[in-house]
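Engineer: Structure in structure tokens, see below.
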Amino acid sequence: MSEQVTIGKTDVTATALGLGTNAVGGNNLFPNLKDQDGIDLVKAGIDNGITLLDTAYVYGLGHSEELVGQAIKDYDRSKLIIATKGAHDFSSGEQVINNDPKFLTKQVDESLKRLNTDYIDIYYIHFPDHDTPKAEAVGALQRLREQGKIRAIGVSNFSLKQIKDANADGYLDVVEDEFSLLHQDHGSRMLPYLKQNNISFVPYFPLASGLLTGKYTKDVTFPADDIRSQIADFKEPRYGQILSAVDAIRPIAEAHDATVTQTVLAWYIKNPLISVVIPGAKKPEQVIANAKAMNVTLSDSEFNDIDKIFDGFKYGTTGKSLADPD
């Protein structure tokens, strides 16, 4: 089983593999979600050794937090790490990204109620706004930490400059951003700074819309109304290059009696620049399978081999899959 990792300069520790819960109550993100399925998903993660659960207000506009809160009520809260995020302000009737200290303070209090807990282990500013000085926004979270409402302070989807501004007083513990074997370009600029300043890194979209699971084939096509038809990763020649790289992982996976997915997740777990990787899931069996990645220990040579296989994706300029909502 994976060792515990420490988040930033705090005493928050978690398994190196967590669970992203945007498909738990995220009815505004995915169609036909059922509440009980979401609760069962979270419980499957906890029952299979996962301790970090990553949610956000914008996943269902609070509904994901409510379901996570329901799911954890039968477990020892002290053994779980709950991470959530806020910044989306709908008070005007339209979505606005808001990092104002008063708004963030209100968001934390509302998240605490929805999660039905006395404290949040990691609270992220979900997206940067255009106007709020980042040190002021983080300063508001620091005051909440001093009150015992949160234990670790994070930012998500911030540029390197914004991260540096947010960390002006040294309060920042963790950064969450898109990063995968297929999307490494921005990480090459950000990760060295994080390591130098003892700030943890949590990548989301680690399986790149399923491209790193090995489930896709060369002859697959997507209709015009399928979002994948608009994503560069699914267009040639890049799509074929990705499939070839994924195929090159298969012998390593077979050597560990593991799936391609588990082997890719094991690569993140072994990566010294990554603290916790948070793949999402829609079915309990997916969570259970992902959790087994914590039992896959890659050798240094296997880690380096996978790194080399995807070396060409380190220097691309495809950008991130998730656009700034503001």
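Any read-out appearing in this document is the output of simple, stated calculations on the displayed coordinates, not a laboratory observation. This structure is a prediction, so every number in the text was calculated from the model and none was measured. Positions of Cβ are generated from backbone atoms using ideal geometry, with glycine treated the same way; all protein chains shown enter the neighbour counts.
Engineer: Residues in segment 244-265 that are assigned to a helix (DSSP H, G or I) and surrounded by fewer than 16 Cβ atoms within 10 Å (Cβ to Cβ): how many?
Structural biologist: 7
Engineer: Is it the case that ALA71 is at negative phi, assigned to a strand (DSSP E or B) and among the small types (Gly, Ala, Ser)?
Structural biologist: No, not satisfied.
Engineer: Further, regarding this structure: Which ones in segment 1-30 are assigned to a strand (DSSP E or B) and surrounded by fewer than 16 Cβ atoms within 10 Å (Cβ to Cβ)?
Structural biologist: GLN4, THR6, THR13
Engineer: Could you please find all residues in segment 66-94 being more than 14 Å from LYS149 (Cα to Cα), small (Gly, Ala, Ser) and touching a Phe, Trp or Tyr at 6+ places or on another chain (Cβ under 8 Å)?
Structural biologist: GLY86, ALA87
Engineer: Take the residues in segment 105-148 that are among the β-branched types (Val, Ile, Thr) and either farther than 28 Å from ASP74 by Cα or part of a helix (DSSP H, G or I) (or both); name whichever of them is nearest to the chain's Cα centre (by Cα).
Structural biologist: Checking each candidate, the answer is ILE125.
Engineer: Out of LYS218, LYS195, LYS164, I need the residue that is exposed (fewer than 15 other Cβ atoms within 10 Å of the Cβ), assigned to a helix (DSSP H, G or I) and of a type outside the set (Ser, Thr, Tyr). Which one?
Structural biologist: It is LYS195.
Engineer: Which one is surrounded by the fewest Cβ atoms within 10 Å (Cβ to Cβ), of the residues in segment 111-141 that are under 19 Å from ALA14 (Cβ atoms) and of a type in the set (Asp, Glu)?
Structural biologist: ASP118
Engineer: Sticking with this one: Considering every residue within segment 85-93, establish whether at least one is within 20 Å of the chain's Cα centre (by Cα) and surrounded by fewer than 20 Cβ atoms within 10 Å (Cβ to Cβ).
Structural biologist: yes
Yes or no, residue by residue, for (1) within 20 Å of ILE7 (Cα to Cα); (2) touching a residue at least 40 places away in the same chain (Cβ under 8 Å); (3) more than 15 Å from the chain's Cα centre (by Cα):
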position	(1), (2), (3)
LEU160	yes, no, yes
HIS186	no, yes, yes
TYR193	yes, no, yes
PHE205	yes, yes, no
